[in-house]
Amino acid sequence: MDRRSLIKKGAVAAGALIAAKSAGSTTRAYAGEKKFRWRMVTSWPPAFPILQTGVERFAKRVGELTGGRLTIQVYAGGELVPALGVFDAVSSGSVQCGHSAAYYWAGKCNAAQWFTSIPFGLDAQGMNAWFYFGNGLKLWEEVYSNFNLVPRPAGNTGVQMGGWFNKKIEKMSDFKGLKMRIPGIGGKVISKAGGAVTLLPAGEIYTSLERGVIDATEWIGPFHDIRMGFYKVAKYYYGPGWHEPGSTLELIINKKAYDELPKEIKAAVDTAAAELNVQMLSEFETKNAMALKDLQKNKKIKILRFPDNVLEGLRRLSEETIAEIAKKDAMSKKVNDDFQGFKKQLSAWNRLTEKAYYDFML
Ligand code: CA
C-alpha cells in the first residue's frame, strides 16, 4: 500500500470513526437525556411588569438554551405559595426554584440583607462587581448553603427613589414625628431620626397617604410608582433612594435540584440568570427615565432632591444602624466587613470616574 492510499484509507477510517462516534454519542445522549421539569415561585403579582415578566422571560430562555431539557413553570406570588413563602418553598424542596429579594428573609437570616441592598451601600454596578469578581456571590452561597439554597443575582432595580412626601424635608428634624411607610433597614434609620415608621401592605398605601394616616411612603421608582397613583395624593417626590441604592433580585435554587442537573444545564441556568440580571436593570433604567419625563409634566408634583445636610444625616444614622445589625451574628459581621472593604476600594475608583463623569454629563 502506498503512502497516498494509506493516507486516504486513514482518512476514510478516521472519517468513519468520527461518524461512528458522533452517531454513538447522539444515541447515548438521547438515551440518557433526562428531562427536568421545575416549578418556580415568585414574590411578584401576576404579570407585574419588569419583575414577573422578566422571570417569565428567564424561564422561556432556559427552555431555549437547553433545547427543552429543562422546562420551568412559573407561578406568581400567591398562586402556589404566598409571596413571602418563596424562601421556605425552595429551601424545603417543595418547588425547585424561586425569584424574590434576599432582604425579605432578614428575620430568618440576618446576613441575607447585604445581598439585596443596604442604605448608602453599592449601586447596581458595584453590586455586580462585588458578586461576580469580589467575594459577594461566594459569601451569598455560603450563607444560603445553610438553607439548601443556591443563589444567583437575577435583576436589579437600580437606584430607587426616596419616596412620596406630603411634608417638605429640609433638615433632619423634619423627620421627627413623620409617619412613613418604609420597610427594612431604611425604616430603622427613619425611626432613629424620630419618624413613626409603619409597614403597610401594598394595597393600603394609597388610601393611607390620601387620608393622612401616613405622611410619606417609599416604593420603587417612577415607572412602578405612577402605577400606584401616588402622584395623586402626595405633593413632593424625593430622590435619591439612599435606602435602596442598588437592590438586587435573587434567583434561588434548591441545592439538591441544582446538583442533580448535568453541567451543561447548570451552565444554561447560570447564563440565563446573568442575562436576566442585565436585562432587568436595563428595563428599569429605560422605563424609569421615560416615566420621570411624564411626572415632570405634572404641574402638581414637585420633584426634589434631598438636601446635602439631610443625606449626610441619614448616612450617619445608616452607618450606626448597619453596625448594630452586623453585630448580631458572626456571619453578618463577615459579610459586612467584606462588603464595606469592597465598597471603600470601589468608591475611590468611582469618585475619579463615574462620579466625576456624571457631574459633567448631566
Ligand atoms: Ca423600595
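The values are calculated or read from the model by the stated rules, or taken from the named source; none is laboratory data. Everything numeric here is computed off the predicted structure, so don't read it as measured data. No Cβ is skipped: glycine too gets one built from the backbone with ideal geometry, and neighbour counts run over all protein chains shown. We work out accessible area using only protein heavy atoms, side chains counted, and drop any ligands, DNA or RNA first. Shrake-Rupley method; radii C 1.70, N 1.55, O 1.52, S 1.80 Å.
Couple of notes before you dig in:
- Point-to-point label distance, Lys266-Lys60, nm (Cα→Cβ direction, 7 Å offset): 2.9
- Loop sites in segment 155-215: GluC sites (Glu not before Pro), DSSP, at most 15 other Cβ within 10 Å: Glu170
- In order along segment 337-343, phi translates into HN-Hα couplings of 4, 5, 4, 5, x, 5, 4 Hz, rounded to whole numbers, per the Karplus curve 6.51 cos²θ - 1.76 cosθ + 1.60 with θ = phi - 60° and x for Gly and Pro.
- Annotation: peptides 349-362, 327-340, ranked by per-residue average of other Cβ atoms within 10 Å with the highest first, follow the order 327-340, 349-362.
- Taking amide hydrogens as placed 1.01 Å from N in the peptide plane, the amide H of Glu79 sits under 5 Å from that of no residue at least 5 positions away in sequence or on another chain.
- Sequence-distant aspartates and glutamates (8 or more away, or on other chains) whose Cα lies within less than 17 Å of Lys35: Glu64, Asp259, Glu260, Glu264
- Amide H partners (placed H, <5 Å) of Ala196, local residues excluded: Gly177, Leu178, Lys179, Met180
- Relative contact order, percent, segment 80-170 [alpha-carbon distance under 8 Å, six or more residues apart]: 21
- Longest to shortest principal axis, alpha-carbon extents of the chain, angstrom: 97, 47, 47
- The packing ranking of peptides 229-239, 285-295, highest mean first, is 229-239, 285-295, where packing means the average number of other beta carbon atoms within 10 angstrom of each residue.
- Net dipole in debye of the chain [+1 Lys, Arg Cβ; -1 Asp, Glu Cβ; about Cα centre; nearest 20]: 640
- Between Glu33 and Thr207, the contour length at 0.36 nm per residue exceeds the alpha carbon distance by 57.2 nm.
- FRET efficiency, 1/(1 + (r/R0)^6) with R0 35 Å, evaluated for Thr286 and Thr71 via beta carbons: 0.75
- Computed label-point distance, nm, for sites Ser92 and Asp329 using a 7 Å Cα→Cβ extension: 2.0
- Among Leu137, Phe175, Ser282 - extreme Cα towards positive end, dipole of the chain, charges at beta-carbon: Ser282
- Percent antiparallel among DSSP beta bridges (both partners in the chain, rounded to 5): 45
- Percent accessible area from carbon and sulfur atoms, the chain, protein chains only, probe 1.4 Å: 57
- Set of lysines with alpha-carbon distance to Lys344 below 26 Å, sequence-local pairs under 8 removed: Lys138, Lys188, Lys192, Lys327, Lys328, Lys333, Lys334, Lys355
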